[in-house]
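Participant: This is the structure I want to talk about, given as structure tokens.
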Amino acid sequence: MNNLLVLPMALPVLAGIILIFFRNQIKLQRGISLGVSFANIGIAIYLLNRIQEEGILRLDFGGWEPPFGILFVADSFSVILVLITSIVAAICLLYAFSSIGKSHEKMLFYSFVNFLIAGVNGSFLTGDLFNLYVNFEVMLLASYVLIALGGKKIQLRESIKYVVINVLSSWFFLIAIAYLYGSVGTLNMAHISERIAESGQTPLLTGISMVFLTVFALKSGLLLYFWLPGSYSVPPTAVAALFGALLTKVGIYAIIRVFTLFFYHDPDFTHTIIGILAGVSLIGGSIGAVAYKDIRQIVSYNVVIGVGFILIGLSVGTQAALEGSIYYLMHDMIVKALLFLLAGTMIKVAGSASMDEMSGLIRNYPLFGWLFFIVMISLAGMPPLSGFIGKVLIGQGTVETGSYVLLALAFLSSIVVLYSLLRIFLNCFWGETMISFEDEVPMKMGWLIPCVLLSAATIGLGLGTEVFAPYVSDAANTLLNPQIYIDAILYDK
Amino acid sequence: MVSVNLLIMIPFLAAALIPFLHKRISRLHIGWYVLLIPIILFIFLALYIPSIASGATYLFMVNWLPTYGINFSTYLDGLSLIFGLIITGVGALVILYSIYYLNENESLEHFYAYLMLFMGAMLGVIFSDNIMVLYVFWELTSISSFLLIAFWFQRKRSREGAQKALLITVSGGFSMLAGFIMIGSITGSFSFREIIEIIPDFYDHHLFIPAMLLVLLGAFTKSAQFPFHIWLPSAMEAPTPVSAYLHSATMVNAGLYLVARFTPIFGGEVAWFWLVTGIGLVTMFWGSFTAVRQTDLKALLAYSTISQLGMIMSMFGMSSAALNNGYSTDSVVYTQAAFAGLFHLINHATFKSALFMVVGIIDHGVGTRDIRRLGGLATYMPITFTIAMIGSFSMAGLPPFNGFLSKEMFFTSVLNIRELNIYSLETWGTMLPVIAWVASVFTFIYCMIIVFKTFLGKYQEERLERPAHEAPVGMLIAPIILGILVIVIFFFPNVLGNYLIVPAMASIFPTFAAETDLGVTISAWHGFQPELWMTIGVVVFGVLLFISLKYWKGIYALLPESWSFDSLYNAILEKTEINSNKITNYYMTGYLRDYLVYIYIFFIILAGGTLIYTGALDFNIVDDAPIDPIDWVIAITMSVGAIAVIFAKSRLTAILLNGVIGYGVALFFVLLRAPDLALTQSVVETVTTVLFLVAYKFLPEWKKEDSPRRTKSVNLLISILVGTIFVTVALAVQNGKLFESISSYFENSYELAGAKNIVNAILSDFRGFDTMLEVIVLLIAGIGIFTLIKLKARKGEEELENK
């Protein structure tokens, strides 16, 4: 039943294509899209459990055995991310149903979302470096359209920047792959890993690893995050939430994969650089998060902080730290989606994105206000919500390896995160009520329910960490022992 | 047996239910139902007193995150029992009081839900054996305190106070978490009991001191120690029952609890002794000194709480000296400081809560707490006055109130500590009693202010919002009970000592408790000892200074307002916003041009730097294939074309020049015998050029770029560097091939895939999946353009036209 592996990507692709032909049947569009996400959740859970029993699963396309063909590989790390992606996607879709508007829905919105998800899942699952590039392209193309869809002037302006920067980074990516292929003569990720281990990580390979790092830093917003606040501020809320939750994570995934599977032989150099970049991102993100009164800006800079936080775990690279990174990735996907949904909804009900023009919202929308409170303490890594365990484990990793500067930056950034959102909470939710009950924009259940679900997820992940512990521990273990991955791909016939 | 874990969960459960039940049971004030919870918990805990007093301890385990050693294990021993009784006992009284203090118009369901949340969290803090779980509850106390301070969140000052409290206590919490992680890393355990046993092996560990400092930071911020005390006065924006409960009797004691709990772990360390004692005494002095200048009764009480917390802190600090050389008959005497500390902790909870309730009654009754507007209330509020007097005199250290006993013991401790010959106490030891005494004088003064300026003197009805009258009976019950306790404890202190404090001492000094009895017989009269003379001195000087207050009050004006830690805090927040805005705007220009420059610079530093640093550029190109003249011709043509694009005057020229580069590449493919690629490349090149030309007439004027010379040269430099790096790496790769490519496998394509054309076989079979996805990319692009054209924003359209 390894054929299941292709479904998290194939289902959304097929759905995306089929929906093109039913442009005006909105109910069908919604139903199929949501159905695909639910199916993916089920598949991911099933795969995750099978991996625990049978080890890493793989699917060779066309029956071409590695290293010659393309294949999908499901290890715990990938499938955990697929699972969370599917959950977040389902919830964001739910939000889109009542917010995106008929005109978008009839303009193939759901097709693009499905393609986006296909690209994201494909990136997580692929075991071939060039195929990773292609999956990136699928994801990016869909994201280009989703940013610009709607055609507002500001959307077009930001999408130009977004497209140009990403085309540039794709070009970097292609060249990096060419360099690596030139050196080691293969594209299969396990094979690359084995060959690098055999020849040793030569200085040139380390140099090439930095080209990869440039590419993925751009995608993930690691230090190269300047494109992010602009382009995440312009699309409709549901799309912004998908972006905030998923897109940078693909870049982070790629960094983690590449630097644990290929270029892990000289961590004193490469992982230190990642640590420095992560630290600087934390600083830059923190400064940005308190610099503005525009909620969208604050929220976007919080994405940057999350990226730095997760990659500290990779930089440190112990079992605990990597587990922490994985937990934090899961947490961040859920909570960033929630944060973007809440911020977008606030702007909708208040009619402004500026903190100064909102006040006392909690009186009008009590439940909504408390959801924001939850997201605030969750993002600050406070217990017992989902950010806590990741923070503790990453902290442990930094202590074990003596990376006290990173420890300090990580924990200080949590304070900034708290402060940046606390300002929103105090200004916008508390304070004198500005909107009279007659004038208030009615809060749709379709906006609230997705937020409630995500809040429940962050609480559930926090209290129920133990449920995920075996999977996360297996994921980190595989990352730390590339031989497990190599054996499963190359020597398990 | 009901486990302590369940006990902690009950208030949480209540907190979750209150908002739902509130609407159902509106006949009776909801506080009456809530009141049952602390009473039951108090009784439940009180039943443990006999067994705990006989030396028993109880451990309960519930697994939470066993994988990471984070389990919800609780430990009931002497130390946690004292705190537990205070939390539930004072909690019950405060809730009783609040029923009369808050009327039905307030959002009571929120109030009691927060209060229960706090009570559960606080019980969690003191009963947790696992430090990580302790941390979980620790942060929950900060959060519930935040919610309670901002109970009247429409007031700006409430919000500011809540924010300050949250930021300071949570920051301390984060630092404490870092400390806990370090402890976990040193000992491999998160359990207090295990850590205490293992830690002697790790006194020399390099993380021992950092962990200690970080944990102390957490304790100091929570217990409002100097200079983190600034949040406590601002927290007085909370409703008075909250101030009486959280900000005098319970939450602020969490830091003290932590210090007491960690004494067996860090206690033998000289830094611990000086930090805890020193910060404690400084806080005690600063708090009492500042309290005197306050005009708001609640602010005065806040500073007095700070001062008293500092005093208890210093006692715990001094007691740690006993652990320096392990158990000996000489060192036992120093543990008495901790005994005194615990005793005063209990006493403080009684008299300070009573005083807060008194202030609440005054505020509630006459509508102001400003000392300048109050006076002469004694005749109108005799019972309140009596309680205020009992509380204040106890705090001032006068008999026959419990504060007298613990104050005397405090003086005994500071006098004893001088005798110690470690920690360079022979030089500095004398300072301790001096500071303690001076601080006590100020304490005496502000206690007198509470009594005399509020209740005696001239009654000024015209300056009050409402005429003074005695509070309703319900409001008085709680403070009366506390007032009675203050006196009862004075007369029967040893019951408290034997049943509660001695077992707690065993928790703080486990190694000592096995050897000897740590009990102290408390007596009100022990002859004319130095400590009694100190008390007499406090009274004499206190009275003199109180009478002459208006003559020396000027010294408070010496220190300008802007020099306070409070203004520092405000300045930091304000500056943060302004500066971070400046910094971020500086590099977030919004110009694509700048962003591309960032990317290239990043690349140059990272990739170029690495190549140079690792010596990757050490390669030889001698063996490369020779370059034919025709190659030179094509290469130079392309280069010229590329350079010329930059100087092109019209868009048309640029497009055509761009075409030159593309066809050049195609020619290279021909030369390198890759006809498929050459064909593809020329088709792509033709189509793009044609498309460009088609779109050409819709594009706006080609404006000449007018960037300054410096920008131009920087750009030139960047271009050259990026190009150089790419070419060098390519050459290096070519020369440093590590393995043969797997591509030879595909040469067998006819046998493998039945295809005579290897390229086609790769595209459609071996790597058919890539091709399929590329087709999808094209599809997305296609329908994407379709939707972009179709779906134009109506408003946006106008904007575009106006441009």
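Residue by residue, here is whether (1) out of contact with any His (no Cβ under 9 Å at 6 or more places or on another chain); (2) surrounded by fewer than 24 Cβ atoms within 10 Å (Cβ to Cβ); (3) closer than 30 Å to A:THR272 by Cβ; (4) within 12 Å of chain B (Cβ to nearest Cβ) holds:
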{"site": "A:PHE372", "(1), (2), (3), (4)": "yes, no, no, no"}
{"site": "A:GLY387", "(1), (2), (3), (4)": "no, no, yes, yes"}
{"site": "A:LEU393", "(1), (2), (3), (4)": "yes, no, yes, yes"}
{"site": "A:ALA408", "(1), (2), (3), (4)": "yes, yes, yes, yes"}
{"site": "A:LYS444", "(1), (2), (3), (4)": "yes, yes, no, no"}
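Participant: Those residues that are within 14 Å of chain B (Cβ to nearest Cβ) and within 22 Å of B:ALA150 (Cα to Cα), I need them from the range A:339-357; list them, please. Lay out the reasoning, then the answer.
Facilitator: The first filter runs over the range A:339-357 and keeps only residues within 14 Å of chain B (Cβ to nearest Cβ), leaving A:354-356.
A:MET355, A:ASP356 - these are the residues of the range A:339-357 that are within 14 Å of chain B (Cβ to nearest Cβ) and within 22 Å of B:ALA150 (Cα to Cα).
Participant: In the range B:126-146, which residue that is more than 17 Å from B:SER80 (Cα to Cα) and more than 8 Å from chain A (Cβ to nearest Cβ) is surrounded by the most Cβ atoms within 10 Å (Cβ to Cβ)?
Facilitator: B:SER145
Participant: A follow-up question, please. Given the structure, is B:SER223 over 22 Å from B:ILE306 (Cα atoms) and either open to solvent by less than 10 Å² (accessible area, probe 1.4 Å) or of a type in the set (Gly, Ala, Ser) (or both)?
Facilitator: Working: over 22 Å from B:ILE306 (Cα atoms): no; either open to solvent by less than 10 Å² (accessible area, probe 1.4 Å) or of a type in the set (Gly, Ala, Ser) (or both): yes.
No: the conditions fail for B:SER223.
Participant: Same structure, new question: Which of the residues belonging to the range B:743-778 are hydrophobic (A, V, I, L, M, F, W, C) and facing another protein chain (nearest Cβ under 7 Å)? Spell out the reasoning first.
Facilitator: The first filter runs over the range B:743-778 and keeps only residues hydrophobic (A, V, I, L, M, F, W, C), leaving B:746, B:752-753, B:755, B:758-759, B:761-763, B:766, B:769, B:772-773, B:775-778.
Residues satisfying the conditions are B:PHE766, B:PHE769, B:LEU773, B:ILE776, B:VAL777.
Participant: When the residues of the range A:4-53 are narrowed to those that are over 30 Å from A:ASN477 (Cβ atoms) and of a type in the set (D, E, K, R), which ends up modelled with the lowest pLDDT? Spell out the reasoning first.
Facilitator: We begin by selecting, within the range A:4-53, every residue over 30 Å from A:ASN477 (Cβ atoms); these are A:13-36.
Those left that are additionally of a type in the set (D, E, K, R): A:23, A:27, A:30.
Numbers: A:ARG23: 89, A:LYS27: 93, A:ARG30: 95.
Here the residue is A:ARG23.
Participant: Right, here's the next one. Would you point out the residue of the range A:395-406, among those that are more than 8 Å from chain B (Cβ to nearest Cβ) and β-branched (Val, Ile, Thr), that is surrounded by the fewest Cβ atoms within 10 Å (Cβ to Cβ)?
Facilitator: A:VAL405
Participant: Yes or no: B:ASP676 among the acidic types (Asp, Glu) and farther than 26 Å from B:ASN760 by Cα?
Facilitator: Numbers: among the acidic types (Asp, Glu): yes; farther than 26 Å from B:ASN760 by Cα: no.
In short, no.
Participant: Another one. Can you name the residue in the range B:57-99 that is open to solvent by less than 20 Å² (accessible area, probe 1.4 Å) and aromatic (Phe, Trp, Tyr) and is also nearest to the other protein chains (Cβ to nearest Cβ) among such residues?
Facilitator: Filtering the range B:57-99 for residues that are open to solvent by less than 20 Å² (accessible area, probe 1.4 Å) and aromatic (Phe, Trp, Tyr), the one nearest to the other protein chains (Cβ to nearest Cβ) comes out as B:PHE83.
Participant: With the condition being open to solvent by less than 40 Å² (accessible area, probe 1.4 Å), I'd like the helices (runs of 4 or more DSSP H) fully within the range B:365-441 carrying at least 2 qualifying residues. Steps first, answer last, please.
Facilitator: On the way: elements: B:382-396, B:402-417, B:425-428.
Of the helices (runs of 4 or more DSSP H) lying wholly inside the range B:365-441, those with at least 2 residues that are open to solvent by less than 40 Å² (accessible area, probe 1.4 Å) span B:382-396, B:402-417.
Participant: Taking the criterion of being among the aromatic types (Phe, Trp, Tyr), part of a helix (DSSP H, G or I) and touching a residue at least 60 places away in the same chain (Cβ under 8 Å), would at least one residue in the range A:397-416 satisfy it? Reasoning before the result, please.
Facilitator: The first filter runs over the range A:397-416 and keeps only residues among the aromatic types (Phe, Trp, Tyr), leaving A:404, A:411.
Now drop any that are not part of a helix (DSSP H, G or I), which leaves A:404, A:411.
When the remaining residues are screened for being touching a residue at least 60 places away in the same chain (Cβ under 8 Å), the result is none.
No.
Participant: In the list B:SER353, B:SER307, which residue meets the criterion of being in contact with a Pro (Cβ under 9 Å, 6 or more places away or on another chain), polar (S, T, N, Q) and in contact (Cβ under 8 Å) with a residue 24 or more places away in the chain? Reasoning before the result, please.
Facilitator: Working: B:SER307 fails: in contact with a Pro (Cβ under 9 Å, 6 or more places away or on another chain).
Answer to the check: B:SER353.
Participant: Only one of B:LEU309, B:LEU281 is of a type in the set (A, V, I, L, M, F, W, C), outside the structural domain of B:GLY391 (by the TED database) and out of contact with any Phe, Trp or Tyr (no Cβ under 9 Å at 6 or more places or on another chain). Can you tell me which?
Facilitator: On the way: B:LEU309 fails: outside the structural domain of B:GLY391 (by the TED database).
After applying the criteria, what remains is B:LEU281.
Participant: Turning to a different aspect of this structure: Within the set of pairs 6+ apart or on separate chains, which have a first residue in the range B:182-200 that is within 14 Å of chain A (Cβ to nearest Cβ), a second that is part of a loop (DSSP other than H, G, I, E, B), and C-beta atoms under 6 Å apart?
Facilitator: Every condition considered, the pairs that remain are B:MET182/B:LEU207; B:GLY184/B:PHE190; B:ILE186/B:HIS205; B:ILE186/B:LEU207; B:PHE190/B:GLY69.
Participant: Moving on to the next point. So B:MET116 clears everything in (1) open to solvent by 10 Å² or more (accessible area, probe 1.4 Å); (2) away from chain A (no Cβ under 12 Å) except one condition, right? Which one?
Facilitator: (1)
Table: residues versus (1) at pLDDT below 90; (2) of a type in the set (S, T, N, Q); (3) closer than 25 Å to B:PHE339 by Cβ; (4) open to solvent by 50 Å² or more (accessible area, probe 1.4 Å).
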| position | (1), (2), (3), (4) |
| --- | --- |
| B:VAL451 | no, no, no, no |
| B:GLY457 | yes, no, no, yes |
| B:GLN460 | yes, yes, no, no |
| B:ILE489 | no, no, yes, no |
| B:MET505 | no, no, yes, no |
| B:THR516 | yes, yes, yes, no |
| B:VAL520 | yes, no, yes, no |
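Participant: Mind listing whichever residues of the range A:143-192 are at the interface with chain B (Cβ under 7 Å from one of its Cβ atoms), of a type in the set (Val, Ile, Thr) and crowded, with 19+ Cβ neighbours inside 10 Å?
Facilitator: Result: A:VAL145, A:ILE165, A:VAL184, A:THR186.
Participant: List pairs: first in the range A:59-72 and at positive phi and surrounded by fewer than 24 Cβ atoms within 10 Å (Cβ to Cβ), second outside any loop (DSSP other than H, G, I, E, B) and among the charged types (D, E, K, R), Cβ under 8 Å, 6+ apart or cross-chain?
Facilitator: If the second residue must be outside any loop (DSSP other than H, G, I, E, B) and among the charged types (D, E, K, R), the pairs left are A:GLY62/B:ASP765.
Participant: For the range B:589-663, give me every one of the helices (runs of 4 or more DSSP H) that falls completely inside it and has 3 or more residues that are among the β-branched types (Val, Ile, Thr) and open to solvent by less than 80 Å² (accessible area, probe 1.4 Å). Working first, answer last.
Facilitator: Details: elements: B:592-603, B:609-614, B:629-647.
Correct list: B:592-603, B:629-647.
Participant: Say we look at the range A:197-215 and pick out the residues that are more than 7 Å from chain B (Cβ to nearest Cβ) and not aliphatic (A, V, I, L, M); which of these is farthest from A:ILE274 (Cα to Cα)?
Facilitator: The selected residue is A:GLU198.
Participant: Confirm whether B:SER54 is of a type outside the set (Lys, Arg) and surrounded by fewer than 16 Cβ atoms within 10 Å (Cβ to Cβ).
Facilitator: Spelling it out, B:SER54 is indeed of a type outside the set (Lys, Arg) and surrounded by fewer than 16 Cβ atoms within 10 Å (Cβ to Cβ).
Participant: With the condition kept exactly as written, say whether any residue in the range A:241-253 is within 8 Å of another protein chain (Cβ to nearest Cβ) and at negative phi. Before the answer, list the steps.
Facilitator: Initially, the range A:241-253 is screened for residues within 8 Å of another protein chain (Cβ to nearest Cβ), giving none.
No, the conditions are met nowhere in the range A:241-253.
The values are calculated or read from the model by the stated rules, or taken from the named source; none is laboratory data. Note that the structure is predicted; figures quoted are calculated from it, not measured. Cβ sites come from the backbone with ideal geometry, for glycine too, and all protein chains shown count toward neighbours. Accessible surface areas use protein heavy atoms only, side chains included; no ligands, DNA or RNA. Shrake-Rupley method; radii C 1.70, N 1.55, O 1.52, S 1.80 Å.
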